[in-house]
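Here the structure comes first, spelled out in structure tokens, and everything after it is commentary.
The values are calculated or read from the model by the stated rules, or taken from the named source; none is laboratory data. In this text the structure is predicted, and so the values were computed from the model without any measurement. We place every Cβ from the backbone using ideal geometry, glycine too, and count neighbours over all the protein chains shown. Ligands, DNA and RNA are excluded from the accessible area calculation, which covers all protein heavy atoms including side chains. Shrake-Rupley method; radii C 1.70, N 1.55, O 1.52, S 1.80 Å.
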Amino acid sequence: MIRTARATDIPALHAMIRGLAAYEKALDEVRVTEEQLHTALFGPHPAAFAHLAEDDTTGEPVGFALWFLNFSTWRGVHGIYLEDLYVRPEARGGGHGKALLRELARTCVERGYQRLEWSVLDWNEPSIRFYESLGARPQDEWTVYRLTDGALAELGAR
């Protein structure tokens, strides 16, 4: 049901990223191209990794987890930062999301990583309940900050 993404999965992965953005009411913010995904995942220096969930009957991709390594200076080891987790609406409830997270947790344990982290939108109650049912806990003492677009360009130009 879960496997590492292959280069031939890029169109399906791209479509699911757009599906996730639509669900999060941010489709107009998606700029990634299939070429960019290919370079990030399969180029000479991959910066991201992906796993796909497949339909048990058809073998078609129905979900994905896209992640990269982070590093804890306090623990002195890598961890996984889950950038996106998505299961197509018609496949939800079939265990695909849990299986994807289980695979990432297995990767952490196998490699000695001590954290598996991600962000979730405050309004996404179904996902929050799902994550908490697996034992995940919010890190509510931390606030995420982000620089993008003009603010990033301005700070970087100084």
Using the C-alpha gyration tensor of the chain, what are the square roots of 5 times its eigenvalues, in whole angstrom, with the largest one first?
24, 21, 18
Loop-only trypsin sites (Lys or Arg not before Pro) in region 7-83, please: DSSP not H, G, I, E or B, and at most 11 other Cβ atoms within 10 Å.
Lys25, Arg31, Arg75
Cα-derived Rg over Rh, computed across region 69-154 with Rh taken as Kirkwood radius
1.01
Of the residues Leu37, Leu121, Leu69, which exhibits the maximal mean-square fluctuation in a Gaussian network model of the chain defined by a 10 Å Cα contact cut-off?
Leu121
Please compute P(r) over all alpha-carbon pairs of region 15-94, binned at 10 Å starting from zero, and give each bin as a whole-number percent.
16, 41, 32, 11, 1
Grab the DSSP H runs of the chain that are 4 residues or longer, score each as -39,500 (n - 2.57), total them, divide by all residues and round the 222 nm result to the nearest 500 deg cm²/dmol.
-11000 deg cm²/dmol
With a 1.4 Å probe and every protein chain left in place, tell me how much accessible area Met1 has, in Å² to the nearest 10.
90
Projected-area average for region 21-65 over all orientations - Cα convex hull basis, square nanometres
4.2
Tell me which GluC sites (Glu not before Pro) from region 91-154 have a DSSP coil assignment and no more than 12 other beta carbons within 10 Å of their own.
Glu141
Solvent-accessible surface (1.4 angstrom probe) belonging to Val30, in square angstrom, nearest 10:
40
For the chain, which span is the longest to avoid every loop-located (per DSSP) member of chymotrypsin sites (Phe, Trp or Tyr not before Pro) having at most 14 other Cβ atoms inside 10 Å?
1-73
